[in-house]
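A quick write-up on the structure given underneath.
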Amino acid sequence: MSYVGVDIAKLNHLASAISSDGEVLIELFKFTNDADGFQMLVSKLI
């Protein structure tokens, strides 16, 4: 199983993903609060 954490803010968000055994799958990254930013989030998750 994988877990994704998202820190929500007004202009920019932060996200990261780990596996159930604690391995970092996606390093912490920043994305903007707009369509381009959410497209970046989706592209990193798939």
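We did not get these values from a lab; they are worked out from the coordinates using the rules stated. Everything quoted here is computed from the prediction, not taken from an experiment.
Just a few scattered comments:
- Near LEU25, the amide H atoms lying under 5 Å from its own belong to ALA17, ILE18, SER19; only residues 5 or more places off or on other chains count, and H is placed 1.01 Å from N.
- Extension gain, VAL42 back to VAL24 (0.36 nm per residue minus Cα-Cα distance, nm): 4.7 nm
- Shape of the chain, Cα gyration tensor, a/c cut at 1.5: prolate
- Residue-by-residue Karplus 3J(HN,Hα) for the range 9-24, coefficients 6.51, -1.76, 1.60, Hz, glycine and proline x: 9, 6, 9, 9, 10, 10, 9, 7, 9, 10, 8, 5, 9, x, 6, 6
- The chain: relative contact order in percent, alpha carbon pairs under 8 Å with at least 6 residues between: 28 percent
- Under Karplus coefficients 6.51, -1.76 and 1.60, residue-wise ³J(HN,Hα) of the range 26-40 in Hz, glycine/proline x: 9, 4, 3, 9, 9, 9, 7, 8, 8, 4, 5, x, 6, 5, 4
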